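As structure tokens, the structure follows; a few thoughts come after it.
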Amino acid sequence: MRQSYLLSGALALFLASCQLVEFSPNQTYVPVAERNLTSRNLRQLATAGPSLGDTVRFVFVGDTQRFYDETEQFVASVNQQRGIDFVLVAGDISDFGLLREFRWVNQRLQRLRVPYLTVIGNHDVVGNGRAVYQQVYGPLNYSFLYKGTRFVCLDTNGREYGFGRQVPDLAWLRRQLADTAARTVVVSHVPPTDEDFDPALVQGYAATLRACPNLVLHLSGHVHRYTAAQPFHDGITYLTTYSLEKHRYHILTMWGHRQFRLETVVYGAES
């Protein structure tokens, strides 16, 4: 009897620890508790009890990659801010598309006091990264409405798909922008002005955005620095933000029809 108890205990311990063992650096199995984070965080955002009015205040930051210490400092800084609705990470969660990288970043970002949302970056597509991202976060293209603002988040990593005129998905983007009368923000990793964006789709992408009368901003990461410009001379402002390595992030506050304010926060080693 004692031996059977010992065997049962050993088996239970083995099964419980299976999720802690990485059998291959390229594995894509994700523990159930760490799957579908986008939908989970959107549900959390929806039930957070937003205040009255249409003012949205969110943190915008770029590539986390292997900047784990900086991510911890970032979380500590954001948790000191008041009135933040959510955090938006502009892709490159990982560096090599490895499951362990996505998990390590999420272990840090889940300590935020507000939900966080992401778009997929070009480094996230490497190897099995695309499949891992879909398990950990969910769809590569998605949109959500929050306090009168439609956020449209999509995959723009054209080079990783061989510049095959498929990414970004312009048909999907047109549907999202045509289906809303709300104030709109488009979020991607690679901006359309970058050489990693499919060159055959640049003009179509810009024209699709131009056709949306309520578009306020286009937000991207990828370049690891802050830029702001209207490259297509059509009144649409394209912003890029810092990577976490830079010890900086932005807070965007939006209200009214097209009003917004951009603040830069310096934290950690650079503060």
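Side notes on the structure shown:
- Answer from Q176, Q166 - the residue that is assigned to a loop (DSSP other than H, G, I, E, B) and either free of Cβ contacts under 8 Å to residues at least 60 places away in the same chain or closer than 28 Å to R57 by Cβ (or both): Q166
- Candidate set: segment 72-92, residues that are among the small types (G, A, S) and more than 17 Å from the chain's Cα centre (by Cα); chosen: the one farthest from N122 (Cα to Cα): G83
- Test: residue in segment 149-161 that is over 16 Å from the mean Cα position of the chain (by Cα), surrounded by 13 or more Cβ atoms within 10 Å (Cβ to Cβ) and aliphatic (A, V, I, L, M): no
- Residue match in segment 180-203 (condition: more than 24 Å from D54 (Cβ to Cβ), touching a Ser or Thr at 6+ places or on another chain (Cβ under 9 Å) and free of Cβ contacts under 8 Å to residues at least 12 places away in the same chain): yes
- Within this structure, T149 fails the test of being modelled with pLDDT of 95 or more and polar (S, T, N, Q).
- Residue within segment 181-198 that is charged (D, E, K, R) and touching a Pro at 6+ places or on another chain (Cβ under 8 Å) present: yes
- Within segment 94-115, considering residues that are of a type in the set (A, V, I, L, M) and under 18 Å from L42 (Cα atoms), the one nearest to the chain's Cα centre (by Cα): L109
- Residue match in segment 29-36 (condition: at pLDDT below 90 and within 30 Å of T240 (Cβ to Cβ)): yes
- Of the criteria (1) crowded, with 18+ Cβ neighbours inside 10 Å; (2) in contact with a Ser or Thr (Cβ under 9 Å, 6 or more places away or on another chain); (3) more than 22 Å from Y142 (Cα to Cα), which one T227 fails: (1)
- Here T184 meets the list (1) under 28 Å from P31 (Cα atoms); (2) hydroxyl-bearing (S, T, Y); (3) outside any loop (DSSP other than H, G, I, E, B) almost entirely, failing just condition (1).
- Segment 219-271 - residue that is among the aromatic types (F, W, Y) and in contact with a Pro (Cβ under 9 Å, 6 or more places away or on another chain) and, of those, nearest to F86 (Cα to Cα): Y238
The values are calculated or read from the model by the stated rules, or taken from the named source; none is laboratory data. The model shown is predicted, which means the values in this text are computed figures rather than measured ones. Cβ atoms come from the backbone with ideal geometry, glycine included; neighbour counts cover every protein chain shown.
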